[in-house]
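A.B. asks: The structure under discussion is supplied below as C-alpha cells; questions concerning it will follow.
The values are calculated or read from the model by the stated rules, or taken from the named source; none is laboratory data. What you see is a predicted model, and the numbers here were worked out from it, not measured in a lab. Cβ sites come from the backbone with ideal geometry, for glycine too, and all protein chains shown count toward neighbours. For the accessible areas, the whole protein counts, side chains as well, though only heavy atoms, and no ligand, DNA or RNA atoms are used. Shrake-Rupley method; radii C 1.70, N 1.55, O 1.52, S 1.80 Å.
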Amino acid sequence: MRLLFSSRNLPTTSGTFGGFPEVIRVRGITQFHSQWRKYSTKEPPSPPTTQLEGKHYPIDEWTNIPSHISSALSRKLHLQPSHPLSITRRLIESRFPSPTYQYHNDLSPIVSVHQNFDSLGFPIDHPGRCRTDTYYINKDTVLRTHTSAHQADTFRSGTSDGFLISADVYRRDAIDRSHYPVFHQMEGARMWSRNECGASGGVAAVIREEIESMPKHGINEPLRVRWVEAYFPFTSPSWELEVYWQGDWLELLGCGVVKQSLPKNAGIPDKIGWAFGVGLERVAMLLFGVPDIRLFWSLDERFLGQFKGGEVSRFVPFSKFPPCYKDIAFWLPNSSSAAGGQVPFHENDMMEIVRNVAGDLAEDIDEFTHPKTGRKSLCFRINYRSLERTLRNDEANSLQQAVKRVLVEEFGAEVREKSEK
C-alpha cells in the first residue's frame with residue numbers, strides 16, 4: 001500500500017489505543033484492526049479502518065487522507081462567531097433572507113462518491129474524481145470537494161424555494177497565498193416554476209441580479225469585476241465572476257442555470273433553477289484585506305483579536321518575518337521504470353509532501369525532460385516562512401531534508417545536487 005508522507009509527522013503512540021491493541025499508521029491517518037477473539041482460529045480479521053468525526057470507515061487502496069487534513073475536520077471556522085469567515089458568511093446570508101432561503105451550515109464533510117460526483121453529472125473520466133485531486137476515505141467515500149455535494153439532497157427535501165449551504169471543503173491543490181487544501185464554500189440555489197422565472201426576464205437575468213446583491217462594502221478601492229463563460233457539469237449555461245486583486249484576476253464564484261436532470265431526479269421536473277458557489281476565503285480576503293489564506297487558520301490572538309462579530313474591519317499586519325528559500329531539483333524515473341511498480345508522480349503530490357512536512361509555501365515550479373534518457377527533472381523553490389516567528393535556517397534545512405527523503409522513498413526520485421551538470 002502506498003505511503004504518501006514522512007513518518008516523522010505520524011503519531012508515535014504505541015500499545016493499546018481506544019481498546020484496539022493493533023494500530024496501523026498509513027498515509028498520516030490512524031487505522032485499526034479489531035481484536036480477534038482468542039478462542040477462535042476461524043474468524044477472519046476485520047478490515048482496517050480509520051476514525052473520522054467519531055465514526056470508523058473502512059480503508060482501501062483509494063485512501064489518501066493525511067493527518068494535517070483529518071485534523072482540520074473539527075475546526076469549522078465558518079461557525080466561529082468572530083472569525084472573518086463567519087462574519088462573511090452572515091453578511092452574504094443577509095442578502096438572501098429567510099424564509100425564501102433556508103440556511104444549512106453544519107452538514108457533515110464526509111459524503112459518498114455518488115453525492116459528490118454522480119448526482120451532479122460528473123463524467124466518469126472527470127479529473128476531479130482522481131486521487132491526485134480529491135481526498136478519498138475509501139473508494140466509495142470522500143471528503144466533499146464542494147458544497148454542491150448536498151445540492152440534490154436539499155432540492156429533494158423541498159423545504160424551501162431556495163437554500164444556502166456553507167461548509168468546509170477539501171481539495172488537493174497548489175500552495176500559494178490564495179489556495180489551501182481546506183477552504184470554505186457557500187452554495188446558493190433557488191427554484192421557480194417556469195412561469196415565475198419567465199416573468200422576471202429569464203433565469204439568467206435573475207442570476208446576475210441576485211449575485212450582484214452580494215456585499216461589496218468595506219473594500220477601500222474600486223472593485224473591478226468581469227463575467228466569464230465557464231463550464232460546470234451540473235449547470236448550463238455557466239459563468240464565473242472574477243475580481244481584479246493584487247494585479248491579477250481572481251475567480252470569486254461560479255454559477256449557472258441548473259441542468260434539468262437535477263430537478264427531474266429530485267422529483268420536481270416542473271421547476272427551473274439556478275445555483276452558485278462562492279469561496280468565503282476569497283470574499284473575506286477582499287473585505288478584510290487579509291493577504292494570505294493561511295492566516296484564517298491561525299490561532300494567534302494578534303490575528304483573531306482584530307475581528308468582532310457583525311463588523312468588517314481591515315486587517316492590520318502584525319509581523320513581517322523573512323522568508324527562507326530552499327531549492328530542490330530531482331529526476332523522476334522514466335515511464336518504463338515506473339511500470340515496474342514505482343508510484344507515478346503528480347505535481348499535487350509535491351504539494352502534499354511539503355504541507356505534511358512543513359505546512360508552508362511552495363512556488364516557482366519548473367519542469368524539464370532530458371531529450372536522450374526521457375527522464376523528467378522537476379525544480380521547486382520552497383518558501384518556508386512562519387507567520388508568527390522568525391524561522392531559523394537550520395529548521396528550514398531539516399524540513400528540506402524530510403521532503404527529500406519522502407521523494408526518494410515513495411517516488412524513486414533522484415535528487416540532483418548543485419554540483420550536477
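A.B. asks: Provide a single number: the residues in the range 146-158 that are open to solvent by 10 Å² or more (accessible area, probe 1.4 Å) and under 18 Å from the mean Cα position of the chain (by Cα).
C.D. replies: 2
A.B. asks: What single numbered condition from (1) in a loop (DSSP other than H, G, I, E, B); (2) in contact with a helix residue (DSSP H, G or I) (Cβ under 9 Å, 6 or more places away or on another chain); (3) open to solvent by less than 10 Å² (accessible area, probe 1.4 Å) fails to hold for Thr63?
C.D. replies: Here Thr63 clears every test but (2).
A.B. asks: When the residues of the range 304-333 are narrowed to those that are without any contact (Cβ under 8 Å) to a residue 40 or more places away in the chain and under 22 Å from Ala358 (Cα atoms), which ends up most open to solvent (accessible area, probe 1.4 Å)?
C.D. replies: Selected residue: Lys320.
A.B. asks: Can you name the residue in the range 176-213 that is charged (D, E, K, R) and part of a strand (DSSP E or B) and is also modelled with the highest pLDDT among such residues?
C.D. replies: The residue in question is Glu187.
A.B. asks: Name the single residue, out of those in the range 282-301 being of a type outside the set (A, V, I, L, M, F, W, C) and either assigned to a strand (DSSP E or B) or under 14 Å from Pro84 (Cβ atoms) (or both), that is modelled with the highest pLDDT.
C.D. replies: That would be Gly289.
A.B. asks: A follow-up question, please. Restricting to the range 257-281, and then to whatever is open to solvent by 40 Å² or more (accessible area, probe 1.4 Å) and assigned to a helix (DSSP H, G or I), can you tell me which residue is modelled with the lowest pLDDT?
C.D. replies: This residue is Asn265.
A.B. asks: Those residues that are within 19 Å of the chain's Cα centre (by Cα), open to solvent by 30 Å² or more (accessible area, probe 1.4 Å) and not charged (D, E, K, R), I need them from the range 106-130; list them, please.
C.D. replies: Leu107, Ser108, Ser112, His114, Gln115, His126, Pro127, Cys130, listed by residue number.
A.B. asks: Another question, if that's okay. Could you give every pair whose Cβ atoms fall below 6 Å, whose first residue belongs to the range 225-242 and is at negative phi and modelled with pLDDT under 90, and whose second residue is in a loop (DSSP other than H, G, I, E, B) and not basic (Lys, Arg), counting only separations of at least 6 or pairs across chains?
C.D. replies: Partner pairs satisfying both residue conditions: Pro233/Gly121; Pro233/Phe122; Phe234/Gly121.
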